[in-house]
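These notes are about the structure you will find just below.
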Amino acid sequence: MKKLVSLAAAGWLVATSHVAAIDADFTEADMRRAVTIAVGSEGNRARFHEAYNVPVSDATVEQVEVITEFRRFVLASEEQLAMGNWMLARGGFDSNGRTLKHLLERWKGQVSLRTRVRFHPQHAYTAIPAIDILVGEPSFLAVETVRTPVTVSFEGGTSGLVGAVVETTFNALSLANRTLPVRIVLDGKPLTRLNVDFARLD
């Protein structure tokens, strides 16, 4: 029994003594550690994700979060667990012989910043305006930006645009181990400016 307790303690020390750092090389060890977080308690998962949320106080910008390759695997594993796909969530294969790591291959070596923007109730937008997430000064070149509308449904079957979720992806090695300014810009006008410490994130 004492041996079992010692082994468990050793495993806990390995899991908790990891030094955070963004790494473009997502290893099998990283995958196992990500799965451990995903299948862990709700409290531990919440604490893990909270570290990736950037504090923001702005009437228009509701949320800013960082999604590293490591965190994306945790999120994907959590999603698969919620769907009942235990094998895939834990690093196994799906019905097509693919692993979660394979399904996330397009984000290899990348870090995303995702922000949720809420439009003024009296806005005149009929489509998502130009919302940009700029990192660094001068700004780093983004790999990709995806803008997704946030809508609400009204009586009569109509819907209205109330905001947007914008996810901009960068090369991970450009951001790793640095504290960088992040600016959220709407139609060329700055909404808010934040400093993000990427060095403390996996």
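Observations, loosely collected:
- Tabulated pairs, the stretch 111-124, first farther than 12 Å from residue 150 by Cβ, second at pLDDT below 90 and not in a strand (DSSP E or B), C-beta under 7 angstrom, 6+ apart or interchain: 111/22
- Restricting the stretch 163-193 to residues that are free of Cβ contacts under 8 Å to residues at least 24 places away in the same chain and either assigned to a strand (DSSP E or B) or of a type outside the set (Lys, Arg) (or both) leaves a set whose member that is farthest from residue 129 (Cα to Cα) is 179.
- Set side by side, the residues 42, 79, 105, 62 differ, and just one is surrounded by fewer than 16 Cβ atoms within 10 Å (Cβ to Cβ), touching a residue at least 60 places away in the same chain (Cβ under 8 Å) and under 30 Å from residue 163 (Cα atoms), which is 62.
- Of all residues in the stretch 127-162, those being assigned to a strand (DSSP E or B), more than 19 Å from the chain's Cα centre (by Cα) and either surrounded by fewer than 15 Cβ atoms within 10 Å (Cβ to Cβ) or small (Gly, Ala, Ser) (or both) number 5.
- Matching residues in the stretch 72-93 - criterion: being under 17 Å from residue 32 (Cα atoms) and assigned to a loop (DSSP other than H, G, I, E, B): 85, 90, 91, 92
- Any chance residue 98 is buried (at least 16 other Cβ atoms within 10 Å of the Cβ), at pLDDT 90 or above and among the basic types (Lys, Arg): no
- Cβ-Cβ under 6 Å pairs, at least 6 apart or on other chains, the stretch 135-161 side over 19 Å from residue 106 (Cα atoms), far side modelled with pLDDT of 90 or more and in a loop (DSSP other than H, G, I, E, B): 149/128; 161/125
- The single residue among 33, 71, 45 that is among the basic types (Lys, Arg), in contact with an Asp or Glu (Cβ under 9 Å, 6 or more places away or on another chain) and closer than 13 Å to residue 201 by Cβ turns out to be 71.
- Among the candidates 151, 158, 192, 169, residue that is modelled with pLDDT under 95 and touching a strand residue (DSSP E or B) at 6+ places or on another chain (Cβ under 9 Å): 151
The values are calculated or read from the model by the stated rules, or taken from the named source; none is laboratory data. Because the structure is a prediction, the values reported are computed rather than measured. No Cβ is skipped: glycine too gets one built from the backbone with ideal geometry, and neighbour counts run over all protein chains shown.
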